[in-house]
Amino acid sequence: MREVDAVIARRLTSDVALVNQIAGYIVHAGGKRMRPKLVLLFANALGFQGPERFELAAVVEFIHTATLLHDDVVDESSLRRGKQTANALFGNAASVLVGDFLYSRAFQMMVSTNRMRVLDVLAEATNIIAEGEVLQLMNMHDPDISVEDYLRVIRYKTAKLFEASARLGAVLADATPELEDACAAYGRALGTAFQLIDDVLDYEGDTQSLGKNVGDDLREGKPTLPLLVAMERGSAAQRELIRHAIQHGEVERLPDIIEIVRSTGALEATREAARQEAEHAREKLSLLPLNKWQEALLEFAFLSVNRSN
């Protein structure tokens with residue numbers, strides 16, 4: 001990751017001062033760097049030690065950072081990773097445009113690897129992510145979406161870049177199609193589990209440990225799995241309260257909503273769904289060689305569902 005950070009620092013530079021300021025602010029604001037770690041772990045697990053792995057790890061971090069910049073504008077978020085969001089500090093227009101810069105810089109870096117398969121994987125991923133953003137926008141304030149629709153948004157918007165990151169490690173190692181698909185399936189399941197836990201923490205965590213405002217999903221009218229399960233299991237009155245809160249983004253009803261999702265077992269049901277995804281991810285690692293990198297990936301899946309932020 002030190003090598004990846006060096007690539008990020010080198011590739012982040014621009015002749016435009018505001019680009020450097022905003023991009024540097026969000027890239028260096030912390031974060032788990034899970035996606036670049038997946039590139040490195042899979043490349044190493046499959047025996048690839050070339051410097052391209054650092055470049056592609058930085059690429060996926062740039063793509064992820066661009067989506068964060070755009071997300072925070074769309075969601076009107078003010079806090080991320082315990083700091084003010086870029087749009088809160090620099091304005092929406094600057095945040096969107098610097099997000100565009102990061103996307104275009106990422107594609108410059110992809111081309112430099114001179115691997116058409118890399119371009120295929122990342123071009124498809126960025127397209128699917130954009131579709132996921134639009135799907136989520138369409139689902140806002142709609143309490144009647146199905147669990148399948150909700151999971152589709154997760155797999156497009158969040159899990160797709162996890163999937164692409166894992167697949168890139170296999171691509172670099174010239175893995176067989178079967179092995180490449182297994183790596184991608186691990187990433188997809190891990191990303192789904194990760195987002196499910198994020199959705200739990202929005203009703204279970206606290207602002208300081210989360211690094212974002214608790215209840216943001218409700219304020220934005222996002223019908224996440226804890227709410228969908230609570231509506232299915234709750235009384236008519238509880239169901240109507242949640243429906244109204246989703247439709248109107250009533251964050252002031254958050255204490256009542258938290259009590260309902262807890263009392264109906266919706267949080268534990270969502271955690272269990274995340275555990276199942278994590279187990280599915282771990283099963284996909286059986287095709288990998290037994291080494292310390294494979295062991296780390298097994299541990300990665302466990303940690304994704306046993307976290308508090």
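The values are calculated or read from the model by the stated rules, or taken from the named source; none is laboratory data. Since the model is a prediction, treat every value here as computed from it, not as a measurement. Cβ atoms come from the backbone with ideal geometry, glycine included; neighbour counts cover every protein chain shown. Ligands, DNA and RNA are stripped out before the accessible areas are found, and what is left, the full protein with its side chains, is counted by its heavy atoms. Shrake-Rupley method; radii C 1.70, N 1.55, O 1.52, S 1.80 Å.
General observations
- Residues satisfying the stated conditions in the range 20-52, i.e. under 20 Å from Val111 (Cβ atoms), out of contact with any Asp or Glu (no Cβ under 7 Å at 6 or more places or on another chain) and surrounded by 18 or more Cβ atoms within 10 Å (Cβ to Cβ): Ala23, Val39, Ala43, Phe48, Glu52
- Qualifying residue in the range 73-81 (condition: more than 23 Å from Ile197 (Cβ to Cβ) and in a helix (DSSP H, G or I)): yes
- Number of the exception - Ala182 against (1) assigned to a helix (DSSP H, G or I); (2) over 15 Å from the mean Cα position of the chain (by Cα); (3) over 30 Å from Val111 (Cβ atoms): (3)
Every residue, every condition in (1) touching a Lys or Arg at 6+ places or on another chain (Cβ under 9 Å); (2) among the charged types (D, E, K, R), yes or no:
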| site | (1), (2) |
| --- | --- |
| Gly215 | no, no |
| Glu232 | yes, yes |
| Gly249 | yes, no |
| Ile257 | no, no |
| Leu267 | no, no |
| Ala274 | no, no |
| Leu287 | no, no |
| Glu299 | no, yes |
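- Test result for Thr192, more than 24 Å from Glu272 (Cβ to Cβ), of a type outside the set (A, V, I, L, M, F, W, C), in contact (Cβ under 8 Å) with a residue 60 or more places away in the chain and open to solvent by less than 40 Å² (accessible area, probe 1.4 Å): no
- Only one of the listed residues (Ala274, Ala296, Ala281) is farther than 30 Å from Gln238 by Cβ, open to solvent by less than 30 Å² (accessible area, probe 1.4 Å), in contact with a Leu (Cβ under 8 Å, 6 or more places away or on another chain) and part of a helix (DSSP H, G or I). That residue is Ala281.
- Residues (open to solvent by less than 50 Å² (accessible area, probe 1.4 Å), closer than 18 Å to Asp198 by Cα and either among the small types (Gly, Ala, Ser) or in a helix (DSSP H, G or I) (or both)) located in the range 220-259: Gly221, Leu225, Pro226, Leu227, Leu228, Val229, Ala230, Ile246, Leu254, Ile257, Ile258
- Ser304, sole failed condition from (1) in a loop (DSSP other than H, G, I, E, B); (2) modelled with pLDDT under 95: (1)
- Neighbours by Cβ (under 8 Å, 6+ apart or cross-chain): first from the range 92-104, closer than 21 Å to Ala123 by Cβ and assigned to a helix (DSSP H, G or I); second open to solvent by less than 50 Å² (accessible area, probe 1.4 Å) and among the aromatic types (Phe, Trp, Tyr): Leu102/Phe62; Tyr103/Phe62
- Candidates Val214, Val229 - the one that is farther than 18 Å from Ser304 by Cα, modelled with pLDDT under 95 and among the aliphatic types (A, V, I, L, M): Val214
- Leading residue by the ranking (nearest to Lys83 (Cα to Cα)) among those in the range 14-35 that are part of a loop (DSSP other than H, G, I, E, B) and either charged (D, E, K, R) or modelled with pLDDT under 85 (or both): Ala29
- Residues (assigned to a helix (DSSP H, G or I), under 19 Å from Asp72 (Cβ atoms) and open to solvent by 30 Å² or more (accessible area, probe 1.4 Å)) located in the range 139-156: Tyr156
Let's see how each residue does on (1) over 19 Å from the mean Cα position of the chain (by Cα); (2) in a helix (DSSP H, G or I); (3) aliphatic (A, V, I, L, M):
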site: Met110; (1), (2), (3): yes, yes, yes
site: Thr158; (1), (2), (3): no, yes, no
site: Ala164; (1), (2), (3): no, yes, yes
site: Ala170; (1), (2), (3): yes, yes, yes
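- Of the residues making up the range 111-143, those that are over 22 Å from Arg219 (Cα atoms) and in contact (Cβ under 8 Å) with a residue 40 or more places away in the chain number 11.
- Per the conditions (1) surrounded by fewer than 21 Cβ atoms within 10 Å (Cβ to Cβ); (2) over 17 Å from the mean Cα position of the chain (by Cα); (3) polar (S, T, N, Q), the sole criterion not satisfied by Ser77 is (2).
- Which numbered condition Ser104 fails, given (1) open to solvent by 50 Å² or more (accessible area, probe 1.4 Å); (2) hydroxyl-bearing (Ser, Thr, Tyr); (3) touching a Leu at 6+ places or on another chain (Cβ under 9 Å): (3)
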